[in-house]
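**Student:** Supplied in structure tokens, the structure appears directly below.
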Amino acid sequence: MPKSKSKANLERLPIARGYERDEGYVRVWRELYTCYGRRLGLSGLSLWAFLRDHVNRANRLAWPGYRLMQATFDLGRRDTLKSLLTTLEAAGLIEPRPALLAIPDARDRYELHINDRAIVYLVHDPPNMAQFAALTAGRYCRECPYLDRCQDGQRVLAGGGCILQPPPTQDEVSAEGGCVLQPPVVAKRNPNKSADVVESDLAQADLQARLTALHLKARKQAQLLQTYSREYLLEKLSMVEARQTVGGLTNPAGWFIRACEEDWLPALSPKSRPTRTKNQTSGKPTPASRHYF
């Protein structure tokens with residue numbers, strides 16, 4: 001719990017009446033309190049907004065340190081902060097990753113002033129109410145105080161299911177620069193299953209042909225297809241194919257396997273990196289020109 005506030009800290013602060021701003025804000029989606037509010041609480045919702053505000057536009061990651069988060073919210077104990085981060089992770093709104101895996105290039109970490117032992121966060125926006133009801137199969141809808149306004153939640157609880165539109169592309173970014181949550185395409189609910197994932201329209205033969213072009217053996221292809229989803233493999237395939245176009249990739253199969261196992265993030269710009277000598281430092285880097293694979 002936060003430290004007890006003294007009377008001086010609770011004084012009424014001056015405000016400018018009628019003053020409205022149109023910049024420097026973070027969107028707090030309605031679903032954060034209608035669908036996630038009982039799970040996150042006020043503290044968890046505030047921490048999500050804080051992390052969302054610190055998302056870097058170039059790599060869609062946030063890396064505020066524990067000290068900054070504690071000082072911002074006046075948290076005396078780090079255990080409280082860790083508990084809130086765990087709650088956000090369990091809700092699927094953030095994905096903590098070691099900096100060494102999320103940003104494998106040491107030069108990028110140096111330019112971003114990220115410690116090798118740091119944890120970075122992939123911050124997701126919440127799905128809308130219809131998507132939330134379908135993805136959770138209505139498990140959290142029965143006690144929801146907004147159920148009377150959510151026809152999709154009522155339909156899921158009645159056993160009718162809900163059909164979602166195909167998710168946006170992986171490279172799509174919201175207006176503030178954060179990641180867009182990628183829900184799977186869900187068909188009508190089967191009474192014996194929570195949700196049925198519909199296969200994409202991409203042909204299996206095309207995917208296998210692209211894997212074969214990397215000189216992956218059939219046994220390894222079968223293992224990857226069984227372990228990862230088709231969309232996930234297509235994302236990593238686009239990364240390795242882009243790297244092959246640039247050149248300098250001697251073992252595309254090994255690079256592709258590592259990208260899948262360590263979940264490397266795609267680069268947002270194909271611009272080349274400026275060269276530096278041992279005693280020469282480059283100027284301030286442009287965020288959109290960094291590579292992350």
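None of the figures in this text is laboratory data; all of them are computed from the coordinates on show. Just so we're clear, the structure is a prediction, and the values are computed from it rather than from any experiment.
**Student:** Can you work out ³J(HN,Hα) from phi for every residue in the range 139-153, in order, using Karplus 6.51 cos²θ - 1.76 cosθ + 1.60 and θ = phi - 60°, giving whole Hz and x for Gly and Pro?
**Tutor:** 5, 10, 8, 4, 9, 6, x, 9, 4, 5, 9, 10, 5, 5, x
**Student:** Using modelled backbone amide H atoms (1.01 Å from N, in-plane), which distant-in-sequence or interchain residues come within less than 5 Å of ASN56's amide H?
**Tutor:** LEU61, ALA62
**Student:** Given axes a ≥ b ≥ c from the Cα gyration tensor, I'd like to know whether the range 13-138 is rounded (a/c under 1.5), prolate (a/b larger than b/c) or oblate.
**Tutor:** Cα axes put the range 13-138 in the oblate bin.
**Student:** In percent, what relative contact order does the range 25-123 have, based on Cα pairs under 8 Å that are 6 or more apart in sequence?
**Tutor:** Once normalised by length, the contact order is 30 percent.
**Student:** Another one. So if each residue of separation counts as 0.36 nm, and I subtract the Cα-Cα distance between ALA242 and ARG149, what length gain in nm does that give?
**Tutor:** Contour length minus Cα-Cα distance gives 28.9 nm.
**Student:** Now, a different point. Name the shape class, rounded, prolate or oblate, that the alpha-carbon gyration tensor gives for the range 200-265, where a ≥ b ≥ c are the square roots of its eigenvalues, rounded holds for a/c under 1.5, and otherwise prolate holds if a/b is larger than b/c and oblate otherwise.
**Tutor:** Cα axes put the range 200-265 in the rounded bin.
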